[in-house]
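The values are calculated or read from the model by the stated rules, or taken from the named source; none is laboratory data. What you see is a predicted model; the values in this text were computed from it and never measured. As a convention, Cβ positions derive from the backbone with ideal geometry for all residues, glycine included, and neighbour counts pool all protein chains shown. These area figures cover heavy atoms from the full protein model, side chains too; ligands, DNA and RNA do not enter into them. Shrake-Rupley method; radii C 1.70, N 1.55, O 1.52, S 1.80 Å.
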Amino acid sequence: MKRPTYTLPSIVKKVFRSGERSLPRTEICSRMEANELNAFLDLDSTALLEKVLQMDQSPVRVASSEAIVELTYQPHQLYDLAYRFLRDTGAPKKLEQIVAELRRQTQFGWNQILRMLQLEKDTRFVQYQGDIRWFLAEWTLGNDQVYEFCRKNAITQVTSRSLIHFLEQEVGIAGDAAFLPVLDDRFRIDGEILYIIARSEDDIEEQIEEQMDEPAAAEVAVTAEAVASETIANTESVSETAVSETAQPVLHEERTEKMKPLITKEEMTMSNTINQQVLEEVQQLLQEAISRLETRQQDMSQEVVAHFQQSNMQAIEVLMKEKHKHEQIVLGIQQVLATSEQQ
């Protein structure tokens, strides 16, 4: 089970309430368990606290008594400016974005800010595992609310274009709530579609594959010659010259096979040998084309996730068009290969 989970230092910081500077170890562990902050971790509360205490940039340290743990944060104007920056923008930021803003507002240099601004020690800032951005501890997490709304209303997918409207107007999550589908296995992002996984994983896998394959299959219901032509024209990753020099003679041979004059047995044997060699070369080139397209698809999936987190819908739309074209080409190549193997 995968859910958005605070980093270990952030879990400990979430335990402290406003104005608290120190707490007994037992109270810290009790609050962790009561709020289920370590519910999706293999560490119990005691082991988690000990691990955080040993960190170089730990937000807490042992006080004068071993039974008491205190915060290491020391107030500074930079922390207050960073807090206001995130609060005013209402969005999580990477450290370099925060530093750039503080450099604009103050006379401090980049290295000075990095040295003084240790957000790990300020209880107002938290991070989630797998996300390098900084969030405000006061912000809520909207994943559970979105998931329950989708289950209740039998919603299985939402397009990225309508996601903001969907979250604000339909689900009604708070304006300062974070929604992190990438860190939650109840959601899946595929291209410009956010899928809500409300059933078993196997069922959802089958449903998504069917939804993605049906339109592609309908559009690729063309002849082998047309598919090969589209492959040669559109696949940037494939050696266009090699494909055009080998695929076209084979297809031409298939069209004119019945028009060939009678030839001798020796000529037939030689012709078959040459044709087999050409066919094998074509098959090898097409297999390489599929491999390159699949590699590009994997790269695009990572790019889509990055753009989705930044709400860059225009870039996602461009990638989706490229992805759709590649799916058509792959299906076309597979059809050509299947036809050639029957020869």
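Values as computed for the structure displayed
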quantity: Out of 115, 104, 133, sole residue that is farther than 24 Å from residue 8 by Cα and among the basic types (Lys, Arg); calculated: 104
quantity: Filter result for residue 39 (hydrophobic (A, V, I, L, M, F, W, C) and loosely packed, with under 14 Cβ neighbours inside 10 Å); calculated: yes
quantity: Close pairs from the range 48-67: first surrounded by 18 or more Cβ atoms within 10 Å (Cβ to Cβ), partner small (Gly, Ala, Ser), Cβ under 7 Å, at least 6 apart; calculated: 52/58
quantity: Cross-chain or 6+ apart pairs with Cβ under 8 Å, the range 98-110 first and open to solvent by less than 50 Å² (accessible area, probe 1.4 Å), then among the β-branched types (Val, Ile, Thr); calculated: 99/113; 102/113; 106/113
quantity: Tabulated pairs, the range 74-85, first on the phi > 0 side of the Ramachandran plot, second small (Gly, Ala, Ser), C-beta under 8 angstrom, 6+ apart or interchain; calculated: none
quantity: Filtered residues of the range 4-35 (kept if in contact with a helix residue (DSSP H, G or I) (Cβ under 7 Å, 6 or more places away or on another chain) and within 20 Å of residue 180 (Cβ to Cβ)); calculated: 4, 6, 8, 9, 11
quantity: The range 8-30, residues that are open to solvent by less than 20 Å² (accessible area, probe 1.4 Å) and without any contact (Cβ under 8 Å) to a residue 24 or more places away in the chain; calculated: 15, 29
quantity: Selection status of residue 70, under 30 Å from residue 2 (Cβ atoms), outside any loop (DSSP other than H, G, I, E, B) and among the charged types (D, E, K, R); calculated: no
quantity: Answer from 185, 122 - the residue that is surrounded by fewer than 17 Cβ atoms within 10 Å (Cβ to Cβ) and touching a residue at least 40 places away in the same chain (Cβ under 8 Å); calculated: 185
quantity: Strands (runs of 3 or more DSSP E) contained entirely in the range 124-203, each with at least 2 residues that are among the β-branched types (Val, Ile, Thr); calculated: 157-159, 193-196
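This table checks each residue for (1) closer than 24 Å to residue 175 by Cβ; (2) over 27 Å from the mean Cα position of the chain (by Cα); (3) assigned to a helix (DSSP H, G or I); (4) of a type in the set (Phe, Trp, Tyr).
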{"residue": "3", "(1), (2), (3), (4)": "yes, no, no, no"}
{"residue": "12", "(1), (2), (3), (4)": "no, yes, yes, no"}
{"residue": "41", "(1), (2), (3), (4)": "no, no, no, no"}
{"residue": "61", "(1), (2), (3), (4)": "no, yes, no, no"}
{"residue": "75", "(1), (2), (3), (4)": "no, yes, no, no"}
{"residue": "81", "(1), (2), (3), (4)": "yes, yes, yes, no"}
{"residue": "99", "(1), (2), (3), (4)": "no, no, yes, no"}
{"residue": "112", "(1), (2), (3), (4)": "no, yes, yes, no"}
